[in-house]
Each structure stands twice: as C-alpha cells, then as structure tokens.
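S.K.: Quick one: structure below, then a few questions.
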Amino acid sequence: MKKIAITLSLFLLIVITFGCSPKVSRINTDQEIDLSGRWNDTDSRLVSEQMIQDAISGQWLSNYSENHNRRPFIVVGTVKNKTSEHISAETFIKDIEREILNSAKARIIQGGTAREELRRERDDQQDYASLATMKKWGQELGADFIMQGTINSITDSNKRQKLIFYQVDMELTDVETSEKVWIGNKRIRKVVK
C-alpha cells in the first residue's frame, strides 16, 4: 500500500510539474499576432513604415535636396507615450530610424543618451588612444531636422467588448529655423471581444 501511495505521489508530482509548464513555439517575426488588443510589435512596425513613406514623399525632401545638393541629416528625438499602457518608445524609435535608413532618402544622426555615450568615448580617446586612431572633436554631423512625436490612445468598452483607438502623431522640424516641414498622423482601431 505504501508503495502504491509513493508511486501515485510521484506520478502526480510529474503531472503537476510537466502539465503546468507553458508550451512555447517559435514563430516568424513577420507574422501578425494580436493577443490582447494593446499596442504591439506589429503596430510599431506598420506605423513606422507608413509614417516614413509619407514623410519621404513630402515636398520638404525635394526642396531640401535641391537647395543643399545632399540628403538631409535627421535625428529622431523624443516620442512620448501618452497612453495608459506601457509602450516601449525606444522600439518604435528604432523602427522609425530603420525605415529612414532603408529609404536611402535621408541620413540618421545619433541622438539622446547614445550620442552622450559616443561623446564620452571620444573624450576617453583623447587620453588613452594612439594619435593615429584617436577620433577628433568637432567632427560630428549636425542634424538638419529633428523628428518627434506622441502616441495617444482612447479605450471604450461595453460589457465584454472593447474598442482601443491609437493615434500616433509625428513632426519633422528644421533644427535651424524651427519650421515644421512635415506632420504625419496614423490611427489604429482595434475591437477586442
């Protein structure tokens, strides 16, 4: 009887241990999956693609290229998350930067804390790197434009149904003159049942 109880206990322990573990499967990163209705990687990718397509087709770009005979330098600044959700603005900013670079219509300048880290590295090189490999001060490229934006959301619900509305607004501003040269807007509506 004691042997049966031990065997049954061992069997239950195995079932509990392996029966409750999550099943994980890898999927293609391009596959669109929306489990909760909240902002996700697909939204970030699609919005950044559409925003940058709109931005690079704007008149500001051809005007700039004609007047300066080169592609503009853009720094992607702050994207404020004004939703009630945790949204990684950094992931969205990287999607924006990637789309700009892939378009080959403009060049990206490092911004924010990454730029400060580069400057610290350059400063360290002044003391510790050989003269042949030391990077000089005053050689950074100045941004012609800064892109900034916000992500907002509104949630409406009734019983078990919920509507989530996202609005992403982005602006491109001339750094020298503070003139807004492009404003983009993308809206997403999701019904969650």
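The values are calculated or read from the model by the stated rules, or taken from the named source; none is laboratory data. Computed from a predicted model, the values in this text were never measured in an experiment. When we count neighbours, we look across all protein chains shown, and the Cβ atoms used for this are built from the backbone with ideal geometry, even at glycine.
S.K.: Quickly run through segment 56-108 and pick out the residues that are crowded, with 19+ Cβ neighbours inside 10 Å, of a type in the set (Val, Ile, Thr) and part of a loop (DSSP other than H, G, I, E, B).
M.R.: Hit for segment 56-108 is Ile87, nothing else.
S.K.: Scan (1) assigned to a strand (DSSP E or B); (2) at pLDDT 95 or above for the single condition Val191 breaks and write down its number.
M.R.: Here Val191 meets the rest and fails (2).
S.K.: Go through (1) surrounded by 15 or more Cβ atoms within 10 Å (Cβ to Cβ); (2) within 28 Å of Ser65 (Cβ to Cβ) for Leu118 and report which single condition fails.
M.R.: Status for Leu118: all satisfied but (1).
S.K.: Just one of Thr155, Thr150 is among the polar types (S, T, N, Q), more than 21 Å from Glu49 (Cα to Cα) and assigned to a strand (DSSP E or B); which is it?
M.R.: Thr155
S.K.: Here is a follow-up. Among residues belonging to segment 1-45 that are part of a helix (DSSP H, G or I) and touching a Ser or Thr at 6+ places or on another chain (Cβ under 8 Å), point out the one that is modelled with the lowest pLDDT.
M.R.: Asp41
S.K.: Name the single residue that is farthest from the chain's Cα centre (by Cα) among those in segment 158-172 being assigned to a strand (DSSP E or B) and over 23 Å from Ser88 (Cα atoms).
M.R.: Taking segment 158-172 and keeping what is assigned to a strand (DSSP E or B), we get 158, 161-172.
Subset that is over 23 Å from Ser88 (Cα atoms): 158, 161.
Values: Asn158: 31, Gln161: 28 Å.
Checking each candidate, the answer is Asn158.
S.K.: Would it be correct to say that Met51 is in contact (Cβ under 8 Å) with a residue 40 or more places away in the chain, under 30 Å from Ile164 (Cα atoms), hydrophobic (A, V, I, L, M, F, W, C) and assigned to a helix (DSSP H, G or I)?
M.R.: In short, yes.
S.K.: While we're here: Does any residue in segment 140-161 that is over 24 Å from Lys82 (Cβ atoms) come within less than 8 Å, Cβ to Cβ, of a residue that is charged (D, E, K, R) and in a strand (DSSP E or B) six or more places away or on a different chain, and which pairs are these?
M.R.: These pairs meet every condition: Leu141/Arg107; Asp144/Asp174.
S.K.: Which of the residues spanning segment 142-161 are aliphatic (A, V, I, L, M) and modelled with pLDDT under 95?
M.R.: Ile154
S.K.: Next question, about the same structure. If Leu118 meets every condition in (1) part of a helix (DSSP H, G or I); (2) over 22 Å from the mean Cα position of the chain (by Cα) apart from one, which number is that one?
M.R.: Against the list (1) part of a helix (DSSP H, G or I); (2) over 22 Å from the mean Cα position of the chain (by Cα), Leu118 comes up short only on (2).
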